Amino acid sequence: MKLEQLIMFQSVAELGSLREASKRLHKTQPAVSQGIKQLESILGVELFSRSGYRLVLTEHGKALYQHALRVLNEAKAMRNMAKHISSGNELSITLAIEASFDLRGILPLFSDAQRQFPDTQIILKQEHLSGAIQALNENRANLCLSPVTSEVRQNTQLEMHYLSSGCLINVASKLLLNRHPNLSLAAQLINEYQIVVQDSGTQSKNKRWGVQDGQRCWYVNDFATKKMLIESGMGWGRLPQHLVQESIDKGLLVELDLEDIDIKITFDFYLIKNKDTILGPVAQTLWDKFKAYTFNTASLSY
């Protein structure tokens, strides 16, 4: 059985005519007829009823037509993948993203990349704190998107492009606040549990950012769990604004206006790559799209 025979089968089934199929395929009518007969001989079934003016699929032909379409689609996908690989495009790229970043602002970029490079898998790997930059430095990511510390900013091996700003808000639930009717200092919460997301990297060297001395803590590995625990009154802590604004509006969470800590911490997000690493065509295109993109925070509703 040859793909050419299946293509003839498809064309005749769709057009109902050897003549029209031969025109579509730019082959002679006898060649198409011979190809169909050979396929019927190989399969051992009659694919078309030839009793009428038009060629009509038999019941066996209808069932095998669906199989033929699947085989032809797989063959097309294989050809496209081979073309994709031969052009030098990556089979996959990884973008490490610090988890406090609001992905909604860059969805159009990913949508464009998906349409332009449908055969490249784009892996979005969420990291916390230093994890995204560490993934880049250890070549576990092609690009990373993260806030940067002064130490990272001084790293001459990294190229950075500013994207947008973000912020973390100190919040607690009314259940917790009811236990502290005269709350004015974070020090008064020292025996409550501060819910803290652990660093997915190792560069923090066990530092506890934003945690006061003696504070009881629970550690989690994602913001969704942290938010759930805080909303249930089991603790307090900082969460990205885009994740908590709706809960604040509904009264499920309250911003902590305390004298000894900031309500909000604002920081800048950068897209980062290693200067020494040569990006493949897809990763380079994504980098260029990011640099040309206007990040419109006003379009994001919280």
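Every number here is computed from the coordinates shown, using simple stated rules; none is lab data. Please read these numbers as outputs of a predicted model, since none were measured by experiment. We place every Cβ from the backbone using ideal geometry, glycine too, and count neighbours over all the protein chains shown.
Quick one: Cα convex hull volume of the chain, Å³ per residue? List each step's numbers first, then the result.
Values: hull volume 63.5 nm³, N = 302.
Hull volume normalised by residue count: 210 Å³.
The equivalent ellipsoid that matches the C-alpha gyration tensor of the range 50-142 spans semi-axes of 45, 15, 11 angstrom, in descending order.
Quantify how much of the Cα-Cα distance distribution of the range 166-267 extends past 20 Å, in percent. Before the final figure, lay out the partial values.
Details: 1669 of 5151 pairs.
Of all Cα-Cα distances in the range 166-267, 32 percent exceed 20 Å.
Taking all pairs of different Cα atoms in the range 3-86, averaging 1/r and flipping that mean, what Kirkwood radius in angstroms comes out?
Working: mean 1/r = 0.0750 Å⁻¹.
Computed over Cα pairs of the range 3-86, the Kirkwood hydrodynamic radius comes out at 13.3 Å.
Springs join every pair of Cα atoms under 10 Å in this Gaussian network model of the chain, and among Ala31, Ala172, Ala68 the largest mean-square fluctuation is at Ala31. When you restrict to C-alpha pairs under 8 Å that are six or more residues apart and normalise by the size of the range 166-267, the relative contact order lands at 51 percent. Cβ crowding within 10 Å, taken as a proxy for footprinting-reagent exposure, orders Glu246, Glu231, Glu127 from fewest neighbours to most as Glu246, Glu231, Glu127. Note on the chain: dipole from Cβ charges, positive end direction compared against Gln215, Met228, Gly280; the farthest Cα belongs to Gly280.
Restricting attention to the range 259-288, which trypsin sites (Lys or Arg not before Pro) occupy a DSSP loop and are surrounded by at most 11 other Cβ atoms within 10 Å?
Values: sites: Lys264, Lys273, Lys275; in loops: Lys275.
Sparse-neighbourhood loop trypsin sites (Lys or Arg not before Pro): Lys275.
With the cut-off at 1.5 for a/c, could you classify the range 94-134 from its C-alpha gyration tensor as rounded, prolate or oblate? Oblate.
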